[in-house]
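A quick write-up on the structure given underneath.
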Amino acid sequence: MPQMRDPRFARTVVYICAHTAEGAMGLVVNRVLDALTFPDLLEQLDIESTPLCEQIRIHFGGPVEAGRGFVLHSTDFIQESTLKVDDRVALTATIDMLRAIAEGRGPQRSMLALGYAGWSAGQLDGEIRENVWLNTPADDDLLFGNDLDQKWESAMTKMGIDLRMLSGDAGHA
């Protein structure tokens, strides 16, 4: 919501990868980390970088476990440790996935993130009831599109929301 005061989440688009009775986990898909490049990360992991790697950005996935990497990707490339979120989207957190992407043999569409957004049991549900978050079905452009500056507005438009008419006040009947 526009009134979000936490700077880590203001104007973010978060893809929820898992939401159970135990809690929820998601990745911010519209913020990049400027301090680290994909070739730099590969060097730290002793993986050879290719010219393709220069184009890959590392996203700020969220404030939890900021040193842990996740690859949100299309389901055309699945590993044993991959979590299929749905028929189109999967999540993998292995060095083998980074190696495959660096070599150009990974999934067709992917997004690399460090850290994640996490909620304890019932926390996300409560925040949604309190009008902190809006939700909409994800599409490939929201998840994997390159125009990060427009993803938040695109998500709002996808829901049919005119930002000029949006109020931060919640109503409860």
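Couple of notes before you dig in:
- Count of the range 14-26 residues, restricted to those that are touching a strand residue (DSSP E or B) at 6+ places or on another chain (Cβ under 7 Å) and either more than 19 Å from M156 (Cβ to Cβ) or modelled with pLDDT under 90 (or both), is 5.
- Given (1) in a loop (DSSP other than H, G, I, E, B); (2) without any contact (Cβ under 8 Å) to a residue 40 or more places away in the chain; (3) surrounded by fewer than 19 Cβ atoms within 10 Å (Cβ to Cβ), index of the condition E54 fails: (1)
- If you go through the range 133-154 and pick out every residue that is within 21 Å of V85 (Cα to Cα) and either assigned to a loop (DSSP other than H, G, I, E, B) or small (G, A, S) (or both), you end up with 8.
- Screening D76, D86 for residues that are under 17 Å from the mean Cα position of the chain (by Cα) and assigned to a loop (DSSP other than H, G, I, E, B) leaves exactly one candidate, D86.
- Residues of the range 65-108 satisfying the condition of being touching a Phe, Trp or Tyr at 6+ places or on another chain (Cβ under 9 Å), basic (K, R) and either surrounded by 16 or more Cβ atoms within 10 Å (Cβ to Cβ) or in contact (Cβ under 8 Å) with a residue 40 or more places away in the chain (or both): R68
The values are calculated or read from the model by the stated rules, or taken from the named source; none is laboratory data. Quick caveat, the model's predicted, so the values are computed rather than measured. A quick note on method: Cβ atoms are made from the backbone with ideal geometry, for glycine too, and the neighbour counts reach across all protein chains shown.
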